[in-house]
Amino acid sequence: MKVFADLLWFFRMEAKRYLWGVATLVLVSLLLLVPPYLIGVMVDGIVDGTLTAGALTRNLLLLAGCGLIMYVLRYVWRVLLYGAAARLSQVLRGRLYATLTRQSPVFYQRHRTGDLMARATNDIQAVELTAGEGVLTLVDSLVMGLTVVAAMASAISWKLTLVALLPMPFIAWSTSYYGNLLHVRFRDAQAAFSGLNDKVQETMTGMRVIKAFGQQEAEKEEFRKLSARTADANMAVARVDALFDPTISLIVGLSFFLAIAYGAKLVVDEELTIGGLTQFTIYLGSLIWPMLAIGFLFNIVERGRASYGRINELLQTRPDVQDRPGAAHEAPRGAVEVDLRSFTYPGQPQPALQNVRFRLEPGQTLGVVGRLGSGKSTLLRLFLREFEGADGLLAIGGRPLDGYTLDALRGAIGYVPQEHVLFSATVAENIAFGRAEASRAEIEAAARAAEVHEDIVRFPDGYDTVVGERGVTLSGGQKQRLSIARALLQQPAFLLLDDALSAVDARTEQAILDALRAGRTGCTTLISAHRLSAVEHADVILVLEDGRLVERGTHRELLELGGRYAEMYERQQLESLVLKGGASS
Amino acid sequence: MTIRRLIRYLRPHRLVLGAAFALLLLGTAADLAGPYLVSRFIDDYLTPRTFPKEAILGFAGIYLTLHLASVAFQYGQLLLFQRIALRVIHRMRTEVFGKVQHLGLSFFDRTPAGTLVSRITNDTEAVKDLYVSVLSTFVQNGVFLLGIFVAMFVLDWRLASLCLVLLPVLYLLMRTFRTYSSRVYRVTREKLGELNGLLSESLQGMNIIQALRQEGRMIRRVERLNEEIRGAFLRSVRLNGLLLRPAVDLLRILTLMGVVSFFAGASASGAVKVGVLYAFLQYLDRFFEPVNTMMQRLAQLQQALVAGERVFQLLDTDEWAPGEKPGALPAAEAAAGGEVRTASGAGLDRPGAETVRAEAAFPGVLPPASAAGLIEFDRVTFSYDGRVDVLRDISFTVRPGETVALVGHTGSGKSSIIQLLLHFYNVRSGEIRIDGVPLSRIGNDELRARIGLVQQDPFLFAGTVRSNIALHDGAVTEEAVREAVSLVQLEPFIRRLPRGLDEPVVERGAAFSSGERQLLSFARTIARRPGVLLLDEATANIDTETEEAIQAALTRMRAGRTTIAIAHRLSTIQDANQILVLHRGEIVERGTHQELLRQGGLYRAMYLLQQGGVAAKV
């Protein structure tokens, strides 16, 4: 029942719906006593032959009225209570999504998509059941149970009532015992379901690889195992789940037995008539439903508790990266200054970056080169503040990055990631993803600058072609250029190209770089690349090795330095020479 | 239709199902015997105040035994229904998952992953209720209702016949409910599916949403959808409120009114048997409880049916991957589709059964020994959507052991050639042959076992570094893994990982850089020792030094193997036996590196541009 306390905030929020809903429910329970009474009166009249036509009509009309009122009231409480429950799942879904939008990449490395999806769907459903069906069952069984017990004790015999109810505490004890057992098993079952979801999610997104490697049968086998595990976990739930009803039947049966045995004694002692005893057993019979409902209630509530725990765990996750108090809302402008002592990814033993220093005036271009894993993209991503914990200074316009709100900071940055992410929407909507209000002309201009306009007009529906999960297949280069167009449309003061030209060919790369130089005067650009041609014209070039800055300068300076950069350049030149030799022979 | 198909899934569980129903009936009987025993005790012993010890103890003993038995039967019955349901769902899931594995990529290009996930996991979960509770409820209460009608006819056939009017009324109520609710439930499910799709896409692209500060807009989109879902749910609550329990209860009161009037009329014209009146009222009261329970389950049934329909829709999708339509089945059986699968479904529970079927399904599989690796494209034209051709009239031949390089601007159709060779899609016209055998006659498993693909977009699975190289099919030995690792020079990277080869890989390898992911996918390909190599812009994400090492490894790998390579950097393919220059889906130049340079066409322009930088812009 703890989950009701956990959900108190919601019951308060929806107090009106719940109060009216519960009141209507109680009213219906009480009205339920009227029809048997009216029928009893009429039947007695028929038996005695005293029923007049007027009385019959009056009673029948009363009965019909009562039936209609109950019909309306029952409809009303359903809409109120279930409506409130639907509201809860709406609120939880909304909050969950909002929380998810605040989480950093670290969070998404910890939680798999399928698992998060399962919490957003299955678990929310279980909580919804608690807030609707759970509340209804609680109120209904309490009202009905108490009414019946009151009738039994007052109208027949309080002594007999006491004896008959003797085994009842055992119901409370066993249901709460089963409840705890169920809680653990249900959590396990939900986790198994999450795992299953993860597997399907992964398979569906990685189908190309699975097929290319002929892994279909192996995947089926893996899935079969997971599905079997889910079935087993659910069977474990069922083993406890199926205990509720029989246990309650058992106890109710015992209660009947005691009632008859002790009742017989009372009859013999002439403290009770046989008619009274029969009536008592009828009342006892109508206690069965409330008792079973309590089992059902425990079941729902335990599921709700397990699921609410899983949801709350996510809701309570504080975002790793948050706005500092007093952070400026104004857009960052001015020179970029970096004096980074070290940066380590959360949970990693070694720092990803160490001792990186540079300064970039507004409108200048920074080039970052280095081999695989040297920290190029880490350096760029630090500007987005996706991770906390950088030791040292990263500043724009003399103010450290965390001196700006995330919103202001990210609003000034156009980011093109290594991995191209497109959404299920048209090409135009994808380009305008960061600026939904952009005009078609602006979108086309951005697409032209990113050298993707020609490709787009050749798509079946041009700019209105749907891409993403349910759209046309794009090549890696096309996706990259769409991402670039998306960043350019934002007209950012700072543009981060994180190895964003890797999947485009040399001609396109040059065309894009030319367009950037031509159209973005006054804007600061940071490019990481492994092809030196992409950074040759940069004002400052950083050469990174194992996360350390080993060289810094312009293309010319670095060549004169004769270090790592020159070496890389020579190697790329050498390749050209070899080719040239081949060409002239 | 859907319901018949769902029930057919129970066929393999006939015996258990029979046992469950037997327990259900026994339990109910034992349960009903209790009140009878009590009434006998009251009439025979309590009323005359005679209490013979043995008889009383016997009564108590029988009562308690029967009660315990009924409780035990109840537990057994509940458990058996659960077991059947879980097994059926397990089978349905493996079946639909297995089916999806063999659908064409064009299907996945169009269908969001989130939708498929919700079909395979959520919808099957909704179907479960049908087997857990709906079936047993309908059978149990149906029997109960029949019994009550029999009893009422015995009591008074005239009145009972009048009560028969209830049946069409109830039927009408149920039909009205079903008609409206199926519409409402479908909308709810669709909206939920849409939300799931949005959610799954957001989760995967969250860093972009954040970088572009679109959190607010996405939240508003979710909220709008959320509101729609609540609206749809409320409509179903209203529908349930109007037509289910409240309506049945109203009907009950109306019926009671009718019965009372009937007796009142009868009493005016003659004597009324009081016992009959009491009994009739009692039975009528009991008549509506099962009706209510069944109506209550009707909502669940409706949800299960809608969900089941969606699962079957996926199961019946005819968009097979090229060459993966189970054609070995006799034509008649194949045409019957799902019914056959269901009928022969018992075998699917056995691991390996599907493999056998899959193998049998591919006729004309080539023995690997004959594989030389001659690849021919013969006037191939191809389109993803059937409207715009991405490849036009492509013809070329790769002789065994040769390397053919594909170059061209992005979007020129290079990747499509590789996708076609892997038989991911069917060509629109023309033919692709390997060793003279058309692709359509080679089994996909066989084809893909011989072809090693390195993709543009390395995809890593959640698991470990090792499992990402070896994958799950057991075909790759530990030795092959280590060999592959050293071949692509992944050793330094693996040494840096705290747990080496057993380092966990999170979903999509998000913790690794794209270069590292690329190298891992290299190792995965190489570990399978393929006869034909397809390199799809394989070196795009690797820096010069790493690439040199890989080039060396690839050179070793390529010895004696047929290779088709796409590379943006022309330097990596200069030793190719043939270079094809593609432009907008057509081959515009072909020849060796030297020949193409001499031709002075597109290739030469691209080449000059690359080694000379901007100056050479043509």
Qualifying positions in region B:97-110 - closer than 16 Å to B:PHE312 by Cβ and at the interface with chain A (Cβ under 7 Å from one of its Cβ atoms)
B:PHE97, B:GLY98
Test B:LEU198 against the criterion of being in contact (Cβ under 8 Å) with a residue 24 or more places away in the chain, part of a helix (DSSP H, G or I), of a type outside the set (Ser, Thr, Tyr) and within 28 Å of A:ALA84 (Cα to Cα), and give yes or no.
yes
Starting from residues that are within 17 Å of B:HIS409 (Cα to Cα) and at pLDDT 90 or above, keep the ones in region B:565-580 and report whichever is surrounded by the most Cβ atoms within 10 Å (Cβ to Cβ).
B:LEU580
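Return yes or no: is B:LEU471 of a type outside the set (D, E, K, R) and either under 29 Å from A:LEU226 (Cα atoms) or outside the structural domain of B:ALA511 (by TED's automatic domain parsing) (or both)?
For B:LEU471, the condition - of a type outside the set (D, E, K, R) and either under 29 Å from A:LEU226 (Cα atoms) or outside the structural domain of B:ALA511 (by TED's automatic domain parsing) (or both) - is met.
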Inspect all residues belonging to region A:192-210 and state whether any of them is within 30 Å of B:PHE461 (Cα to Cα), facing another protein chain (nearest Cβ under 10 Å), under 29 Å from the mean Cα position of the chain (by Cα) and not in a helix (DSSP H, G or I).
yes
Please indicate, with yes or no, whether at least one residue in region B:255-262 is within 25 Å of A:GLY285 (Cα to Cα) and more than 10 Å from every other protein chain (Cβ to nearest Cβ).
yes
If I filter region A:268-283 for residues that are in contact with a strand residue (DSSP E or B) (Cβ under 6 Å, 6 or more places away or on another chain) and of a type in the set (Val, Ile, Thr), do I get at least one hit?
no
Would you pick out the residues in region B:377-412 that are within 15 Å of B:HIS583 (Cα to Cα), more than 37 Å from the chain's Cα centre (by Cα) and assigned to a loop (DSSP other than H, G, I, E, B)?
B:HIS409
Meets criteria (in the same structural domain as B:THR111 (by TED's automatic domain parsing) and under 23 Å from B:VAL260 (Cβ atoms)) for B:VAL169
yes
Residue by residue through region A:286-330, note down the ones that are without any contact (Cβ under 8 Å) to a residue 12 or more places away in the chain and in a helix (DSSP H, G or I).
A:GLU313
Answer from A:ILE251, A:ILE288 - the residue that is more than 7 Å from every other protein chain (Cβ to nearest Cβ) and closer than 30 Å to A:ASP188 by Cβ
A:ILE251
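Conditions tested, residue by residue: (1) out of contact with any strand residue (DSSP E or B) (no Cβ under 6 Å at 6 or more places or on another chain); (2) within 14 Å of chain B (Cβ to nearest Cβ); (3) more than 18 Å from B:VAL237 (Cα to Cα).
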position: A:ARG95; (1), (2), (3): yes, yes, yes
position: A:LEU100; (1), (2), (3): yes, yes, yes
position: A:ASP115; (1), (2), (3): yes, yes, yes
position: A:THR137; (1), (2), (3): yes, yes, no
position: A:TRP158; (1), (2), (3): yes, no, yes
position: A:VAL163; (1), (2), (3): yes, no, yes
position: A:PRO167; (1), (2), (3): yes, yes, yes
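Residue-by-condition table, conditions (1) modelled with pLDDT of 90 or more; (2) in a helix (DSSP H, G or I); (3) surrounded by fewer than 17 Cβ atoms within 10 Å (Cβ to Cβ); (4) at positive phi:
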site: A:VAL240; (1), (2), (3), (4): yes, yes, no, no
site: A:VAL252; (1), (2), (3), (4): no, yes, no, no
site: A:TYR262; (1), (2), (3), (4): yes, yes, no, no
site: A:GLU271; (1), (2), (3), (4): no, no, yes, no
site: A:THR278; (1), (2), (3), (4): no, yes, yes, no
Selected residue [buried (at least 21 other Cβ atoms within 10 Å of the Cβ) and over 30 Å from B:ARG119 (Cα atoms)] from A:THR57, A:THR137, A:THR52, A:THR113:
A:THR137
(1) crowded, with 19+ Cβ neighbours inside 10 Å; (2) at pLDDT 85 or above: which one isn't true of A:ILE294, the others all being true?
(2)
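One line per residue, one yes/no per condition, for (1) over 19 Å from A:SER424 (Cβ atoms); (2) of a type in the set (D, E, K, R); (3) more than 9 Å from every other protein chain (Cβ to nearest Cβ):
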| site | (1), (2), (3) |
| --- | --- |
| B:LEU64 | yes, no, no |
| B:HIS67 | yes, no, no |
| B:VAL71 | yes, no, no |
| B:LEU78 | yes, no, no |
| B:ARG83 | yes, yes, no |
| B:GLU95 | yes, yes, yes |
| B:VAL117 | no, no, no |
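Test of understanding: among B:ALA232, B:ALA247, B:ALA211, which residue is within 9 Å of another protein chain (Cβ to nearest Cβ), within 30 Å of A:ARG95 (Cβ to Cβ) and small (Gly, Ala, Ser)?
B:ALA211
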In region B:139-178, which residue that is modelled with pLDDT under 85 and within 31 Å of the chain's Cα centre (by Cα) is farthest from B:LEU254 (Cα to Cα)?
B:VAL139
Are any residues in region A:63-79 more than 7 Å from chain B (Cβ to nearest Cβ) and of a type in the set (Gly, Ala, Ser), and if so, which ones?
A:GLY65
Please work out which one of (1) touching a residue at least 24 places away in the same chain (Cβ under 8 Å); (2) closer than 23 Å to B:VAL165 by Cα is the condition B:ARG310 fails and give its number.
(2)
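The rows are residues; the columns are (1) hydrophobic (A, V, I, L, M, F, W, C); (2) crowded, with 19+ Cβ neighbours inside 10 Å.
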residue	(1), (2)
B:GLN214	no, yes
B:LEU250	yes, no
B:ALA268	yes, no
B:LYS273	no, no
B:ASP285	no, no
Among helices (runs of 4 or more DSSP H) entirely inside region A:412-494, those with 1 or more residues being surrounded by 21 or more Cβ atoms within 10 Å (Cβ to Cβ), in contact with a Ser or Thr (Cβ under 7 Å, 6 or more places away or on another chain) and in contact (Cβ under 8 Å) with a residue 12 or more places away in the chain are A:427-431, A:476-489
Take residues that are under 46 Å from the mean Cα position of the chain (by Cα) and crowded, with 20+ Cβ neighbours inside 10 Å and tell me which of the helices (runs of 4 or more DSSP H) falling wholly in region B:1-109 contain 3 or more.
B:14-41, B:53-101
Got at least one residue in region A:309-319 being more than 8 Å from chain B (Cβ to nearest Cβ), within 30 Å of B:ARG110 (Cβ to Cβ) and out of contact with any Lys or Arg (no Cβ under 8 Å at 6 or more places or on another chain)?
no
Residues (in contact (Cβ under 8 Å) with a residue 60 or more places away in the chain and either at the interface with chain B (Cβ under 9 Å from one of its Cβ atoms) or among the acidic types (Asp, Glu) (or both)) located in region A:121-130
A:ASN122, A:ASP123
Scanning region B:472-498 residue by residue, those under 30 Å from A:VAL504 (Cα atoms) and not in a helix (DSSP H, G or I) turn out to be B:VAL488, B:GLN489, B:LEU490
Among the residues of region B:170-205, write down those that are among the hydrophobic types (A, V, I, L, M, F, W, C) and out of contact with any Leu (no Cβ under 7 Å at 6 or more places or on another chain).
B:LEU170, B:LEU172, B:VAL187, B:LEU192, B:LEU199
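The values are calculated or read from the model by the stated rules, or taken from the named source; none is laboratory data. If you're wondering where the values come from, they're calculated on a predicted model, not measured in any experiment. We place every Cβ from the backbone using ideal geometry, glycine too, and count neighbours over all the protein chains shown.
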